[in-house]
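Each value in this text was obtained by applying a stated rule to the coordinates, not by laboratory testing. What you see is a predicted model; the values in this text were computed from it and never measured. Neighbour counts run over all protein chains shown; Cβ positions are idealised from the backbone, glycine included.
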Amino acid sequence: MRRALNTLASFLRHPAGVIGLVILIGVVVLAIVAPTLFPVDPWDMVAAPFQPPFDGETWLGSDMLGRDVAACIAYGARVSLLIGVSSTLAALVIGVTVGAVAGYFGGRVDEVLMRFVELFQTIPGFILAILLVATLGPSLTNVILAIGAVSWPQLARLTRAEFLRLRSREFVQAAVCQGQPPLSVVLRHILPNAVSPIIVTGSLMIASSILIESALSFMGLGDPNLMSWGFMIGASRSVMRQAWWMSVFPGIAIFLTVLAINLVGEGLNDTLNPRLSRKARGA
Amino acid sequence: MSVVAITRYGGRLSAYVLGAASGAVKIIGVILVIATFNFILVHAAPGDPAQVIAGQSGAADETLLRQIRSAYGLDQPYLVQLASSLKKTLTLDLGYSYRQQRTVLSLLLERLPATLLLTGTAFILSLVFGTALGTIAGTRAGKWSDTFFTIVSLLLYALPVFWLGLMLVLLFSVQLNWLPPFGYVTVGVEMTTWQRIADIAWHMVLPTLSLAAVYLAIYARLMRSSIIEVKQQDFIKTARAKGVTESRIVMHHLLRNAILPVITVAGMQAGGVVGGAVVVETVFAWPGLGRLIYDAVLQRDYPVMQGIFLIMSIVVIGLNLLTEAVYRMVDPRISVRSVT
């Protein structure tokens, strides 16, 4: 508890991180209160088509079918955050497992797994995600899995490097000599010490996942039942000359959310890895 | 002669030969893996694989489906199918687009130049301007210009590429009417070769800017931290103590060392640039592979999607090999094998 408070206090000393946290809390609150704030389904017509923003019925204008842009943005926040977090969790499961196995066992296993990781890093991830979603069908689960499937290599590399570093440390060797099974050594001794860089990279990955999700739904590969920011921008393209607000506001929503998560991630980096932070900041 | 012997006696040239050879091995490996993956994907897709390959075009046509089944050997055991699809891919037979009524390869080759032009230009521009901005920021760490560039790159880094493209169109094409909003070349106008080149360049401004912006931000941030790190090392102090001029220190000592991690990361980002090209081409109706994959997705034209996946992966490896070659040029200490 005390340690958590210390970490928090140290995080709050980074102005950029605090700004990010404030914006992020705003987005999360918006996602939570969306149904209260806009009780009508975001797909429903609530106003005349092409109402400009700040003008009567709707805050941010309406689209070509009379849908409320503000309501769509609020509901889109739920989708973006949900997909961002769950696909990062999927990437964490794959990446940490692969990295841990490679780093712990080393040798042949490591070599084979790292070749595999390298291959995944070479192929263009976004195109792979397009292919996966287009083939398996654009459902929420498939989008999450596709983003997870293209994001994990970075986490695998990081976890492997941490495991290689910690593997030879005395306290780990001592646990091995005591005859503890590999799983116990990994979970009780190595992983807890490798967790902070993983948290930092994971938090930044939420931002990149949100960007991939928005690009997928911009291309028409989002879940057709869920309102998302990328879909809104994609739909606005044909009427950009009449209705600038339809593309501008959802884009600002993506931009602010991604910026906020990046700022929080950097703040976490400075807090959790003060020793490494200066080097990692550029990468 | 053994590999070691070649490296030892052949000098630089043989290093390049080795690099090219390992590049070729890499490309063939990736082609095989992607072909396998494509094969699995067609069978993992819900429904009849023949339907999947036909796309929406042949949904109800039993003759076409029968034709596809025999062409792809879909009635044979999986391993036989896989072997024949690998063989086909290696001979660059990428199948047939039943939607477009053309071979996939001819479609891809027609679109490839436009994509190479766009990604290549954006890749080089982002590297050049990113390192330049990063150097300015890094050598003036703490001053206002450094703060300014740092904030700008932080903001750029959070922009969705496709939205940036649309906003540039809104501003420069719709509002100001300075630049063309989409396309590759002005249609229906007689032009000399030079006019045509100028026209294409004019059309390229907005797509290239949108694609390059994010990577420019990444390289600028990286270059800045790298410069700050190298700046504190002893050989810089020595050079300064010897009375070497400041500009020479930056150009000959600082830049050359600080740029190495940027080149490494640029190689790793190549896949991202190519992926970004997909959305940028979609926004700007740029007649390349990205635009083609967008249309293929709309029409569920799987052979085309899979072909693009393969070709784009090869493009990425090409960019990777290019950055490796640049790395070796900048840092002769590194031998071929240790660059990954």
To the nearest 20 debye, the range A:99-244 has a Cα-centred charge dipole, built from +1 on Lys and Arg Cβ and -1 on Asp and Glu Cβ, of 160 debye
Answer in debye to the nearest 20: the dipole magnitude of the protein assembly as shown about its Cα centre, from +1 Lys/Arg and -1 Asp/Glu charges placed on Cβ, is 2660 debye
Ranking B:Thr192, A:Gly107, A:Ile252 by how far each Cα lies towards the positive end of the charge dipole of the protein assembly as shown (+1 on Lys and Arg Cβ, -1 on Asp and Glu Cβ), the top one is A:Gly107
Partner lysines whose C-alpha sits under 28 Å from that of B:Lys242, ignoring same-chain residues fewer than 8 away, are B:Lys143, B:Lys231
By Cβ neighbour count within 10 Å, fewest first, B:Thr238, A:Thr135 rank B:Thr238, A:Thr135
Mean separation of Cα contacts under 8 Å (at least 6 apart) over the residue count of chain B, i.e. the relative contact order in percent, is 24 percent
Taking chain B and counting helices only, DSSP H stretches of n ≥ 4 at -39,500 (n - 2.57) each over all residues, the nearest-500 ellipticity at 222 nm comes to -25000 deg cm²/dmol
Once both label points are put 7 Å beyond Cα along the C-beta direction, the B:Thr245-B:Asp331 separation in nm becomes 2.9 nm
For chain B, the charge dipole (Cβ of Lys, Arg +1; Cβ of Asp, Glu -1; about the Cα centre) points to a positive end, and the Cα of B:Pro261, B:Tyr157, B:Gln299 closest to that extreme belongs to B:Pro261
Rounded to 0.05, the calculated FRET efficiency for the beta carbons of A:Glu170 and A:Phe105 at R₀ = 30 Å is 0.95
When B:Asp199, B:Asp234 are ranked with the fewest other C-beta atoms within 10 Å first, the list becomes B:Asp234, B:Asp199
Residues of the range A:196-229 with backbone N under 17 Å of the label point set 7 Å from the Cα of A:Asp44 along Cα→Cβ are A:226-227
Highest GNM mean-square fluctuation among A:Ala260, A:Ala235, A:Ala175, for chain A with Cα springs under 10 Å, belongs to A:Ala175
Of the residues A:Leu140, A:Ser208, A:Leu221, the Cα lying farthest along the dipole of the protein assembly as shown towards its positive end, which is defined by charges on the beta carbon of Lys, Arg, Asp and Glu, belongs to A:Ser208
Which of B:Met204, B:Met305, B:Met167 fluctuates most in a GNM of chain B (C-alpha springs under 10 Å)? That residue is B:Met167
Taking Lys and Arg as +1 and Asp and Glu as -1, residues besides A:Met227 with C-beta under 13 Å from its C-beta add up to -4
Averaged over residues of B:266-276, the number of beta carbons from other chains lying within 10 Å of each residue's Cβ is 4
Between the alpha carbon centres of the range A:129-179 and the range B:133-154 the gap in Å comes to 34 Å
Averaged over the residues of B:162-169, the number of partner chain Cβ atoms within 10 Å of each residue's own Cβ comes to 6
Out of B:Gly307, B:Gly267, B:Gly243, a Gaussian network model of chain B with alpha-carbon springs under 10 Å gives the largest mean-square fluctuation to B:Gly243
Computed about the Cα centre, the charge dipole of chain A from +1 Lys/Arg and -1 Asp/Glu charges at the Cβ has a magnitude in debye, to the nearest 20, of 1300 debye
Restricting to aspartates and glutamates and to Cα separations under 20 Å from B:Lys237, and discarding same-chain partners fewer than 8 apart, the set is B:Glu229, B:Glu246
What helix-only [θ] at 222 nm does chain A give? Using -39500 (n - 2.57) per DSSP H run of at least 4, over all residues, to the nearest 500, the answer is -24500 deg cm²/dmol
Note, A:Ser151: beta-carbon cut-off 13 Å, +1 each Lys/Arg, -1 each Asp/Glu, net 0
